[in-house]
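Enquirer: I have a structure here, written as structure tokens, and I will follow up with some questions on it.
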Amino acid sequence: MFAAENGLRGDPRLQAISEAIRVVPHFPKPGIMFQDITTLLLDPKAFKDTVDIFVDRYRDMGISVVAGVEARGFMFGPSIALAIGAKFVPLRKPRKLPGEVISEAYVLEYGTDCLEMHVGAVQPGERSLIIDDLVATGGTLSAAIRLLERVGAEVVECACVVGLPEAKGQRRLNGTPLYILVEPREIENCY
Amino acid sequence: MASEDCQDARIARIAAAIRAIPNFPKPGILFQDITTLLLDTRAFRDTIDLFVERYKDKDISVVAGIEARGFIFGPPVALAIGAKFVPLRKPNKLPGEVISEEYSLEYGKDKMEMHVGAVQAGERALVIDDLIATGGTLCAAISLLERVAVHVVECACVIELPELKGRERLGDKPLFVLVDAA
């Protein structure tokens, strides 16, 4: 669900966050309008507001784990984890994590990929939040949810800064609530 | 002194939270794994606090983090000191126009990229990564920033591997490290 429908309608912070995100046409391939959050990270106030909105939502939910999806989930997750007193757990592409891992495969447009988590990072019964910059089809987030549920953790919610149209109307991903700050801006002039 | 004792206790906790994994990514390498530090909420908090205490009054407007573990430490530091965060990435990840810096690996080369326009000439920057080994990656990061006339004030890492002489490779560029992994 979008933040604006869930208590933050008219919040000026959301407009500034939306406007701070740059749209890059035809990346990584023709026809894709890439939502570039690096420009959000260049705006200290908008970046802080992004983190604060998530922290305000999650601080009293008894969450002990924030899992961030490589690599852009790493840019948002740790700050949230620190503010709510939770652990940060990176969910990584194959062969990056050095210790014993569990792996979860997921489907891409062409082919498959894999997400890994360290064994022992999360205990059964822990309440977790999964964070990534953007949700499109939800394939990556669904793999992340499966990883955490396989070790007996409860995924309280998935949180993303941007939700693409494919994600719109999805309040849940396989039963897990989805919380999104903004949708892509309509832009007239591409550069 | 009280402040030194406090500092020593925090550093000790941080060092104890880092896990050494033998023979990763290949035989003979003892890998310094910071993911266990991220599971210790107090030690992770202390890591960020130690960097923030050092940099908050140094007029730094840019924190540049090296993919991917620099993305874990850099943004919390940037937010706390009111600086921008700039990701320095592997090739073909950044969507906009980039500048690239090639650097040598033990076998072969790699490339690091930064978005054009992310930083302005004259800005003061901190470069952050989880670890310094040979210093090759940090030198590439410094080059990228200096090419666009940014002043790199210091490089900051959680861990240093002193035998690999990264500090020497950085030359006169200051390096601040929390933990030595001998």
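The values are calculated or read from the model by the stated rules, or taken from the named source; none is laboratory data. Remember, predicted model here, so these are calculated numbers, not experimental data. Cβ placement follows ideal geometry from the backbone for every residue including glycine, while neighbour counts extend to all protein chains displayed.
Enquirer: Among the numbered criteria (1) within 18 Å of A:Asp133 (Cβ to Cβ); (2) at the interface with chain A (Cβ under 9 Å from one of its Cβ atoms); (3) not charged (D, E, K, R), which one does B:Leu88 miss?
Expert: Status for B:Leu88: all satisfied but (2).
Residue-by-condition table, conditions (1) out of contact with any Cys (no Cβ under 9 Å at 6 or more places or on another chain); (2) touching a residue at least 60 places away in the same chain (Cβ under 8 Å); (3) over 22 Å from B:Thr35 (Cα atoms):
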| position | (1), (2), (3) |
| --- | --- |
| B:Glu97 | yes, no, yes |
| B:Ala125 | yes, yes, yes |
| B:His151 | yes, no, yes |
| B:Pro162 | yes, no, no |
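Enquirer: Let me ask another. Quick check: anything in the stretch A:157-172 buried (at least 16 other Cβ atoms within 10 Å of the Cβ), within 19 Å of A:Val89 (Cα to Cα) and more than 12 Å from the chain's Cα centre (by Cα)?
Expert: no
Enquirer: So B:Gly70 passes all but one of these: (1) away from chain A (no Cβ under 14 Å); (2) modelled with pLDDT of 95 or more. Which condition number does it fail?
Expert: Failing condition for B:Gly70: (1).
Enquirer: Next question. Would it be correct to say that B:Asp59 is at positive phi and surrounded by fewer than 23 Cβ atoms within 10 Å (Cβ to Cβ)? Can you show your working first?
Expert: Working: at positive phi: yes; surrounded by fewer than 23 Cβ atoms within 10 Å (Cβ to Cβ): yes.
Criteria met by B:Asp59.
Enquirer: Does any residue of the stretch B:40-57 turn out to be touching a residue at least 60 places away in the same chain (Cβ under 8 Å), within 13 Å of another protein chain (Cβ to nearest Cβ) and not basic (Lys, Arg)? Step through it out loud before you land on a result.
Expert: Narrowing the stretch B:40-57 to residues touching a residue at least 60 places away in the same chain (Cβ under 8 Å): B:47, B:50-51, B:54-55.
From what's left, within 13 Å of another protein chain (Cβ to nearest Cβ): B:47, B:51.
So of that shortlist, the ones also not basic (Lys, Arg) come out as B:47, B:51.
Looking through the stretch B:40-57, at least one residue is touching a residue at least 60 places away in the same chain (Cβ under 8 Å), within 13 Å of another protein chain (Cβ to nearest Cβ) and not basic (Lys, Arg).
Enquirer: Being over 11 Å from the mean Cα position of the chain (by Cα) and in a helix (DSSP H, G or I) is the filter here; which residues of the stretch B:128-138 pass it?
Expert: Scanning the stretch B:128-138 gives a single hit, B:Gly136.
Enquirer: I've got another one for you. For the stretch A:1-103, please list each of the helices (runs of 4 or more DSSP H) lying entirely inside it that holds at least 3 residues being free of Cβ contacts under 8 Å to residues at least 24 places away in the same chain, under 21 Å from B:Arg42 (Cβ atoms) and away from chain B (no Cβ under 14 Å). Spell out the reasoning first.
Expert: Details: elements: A:12-20, A:38-41, A:44-58, A:73-84.
Correct list: empty, since no element meets the threshold.
Enquirer: Right, another one. Tell me which residues, restricted to the stretch A:107-135, are more than 16 Å from B:Asp40 (Cα to Cα) and crowded, with 18+ Cβ neighbours inside 10 Å.
Expert: A:Leu115, A:Glu116, A:Met117, A:Leu129, A:Ile130, A:Ile131, A:Asp132, A:Asp133, A:Leu134, A:Val135
Enquirer: Collect the residues in the stretch B:141-181 that are surrounded by 22 or more Cβ atoms within 10 Å (Cβ to Cβ) and more than 23 Å from B:Ala16 (Cα to Cα), keeping them in residue-number order. Quick ask: steps written out before the conclusion?
Expert: Pass one, the stretch B:141-181, residues surrounded by 22 or more Cβ atoms within 10 Å (Cβ to Cβ): B:141, B:144-145, B:150, B:152, B:155-158, B:160, B:166.
Once the filter is applied, which keeps residues that are surrounded by 22 or more Cβ atoms within 10 Å (Cβ to Cβ) and more than 23 Å from B:Ala16 (Cα to Cα), the stretch B:141-181 yields B:Ala141, B:Leu144, B:Leu145, B:Val150, B:Val152.
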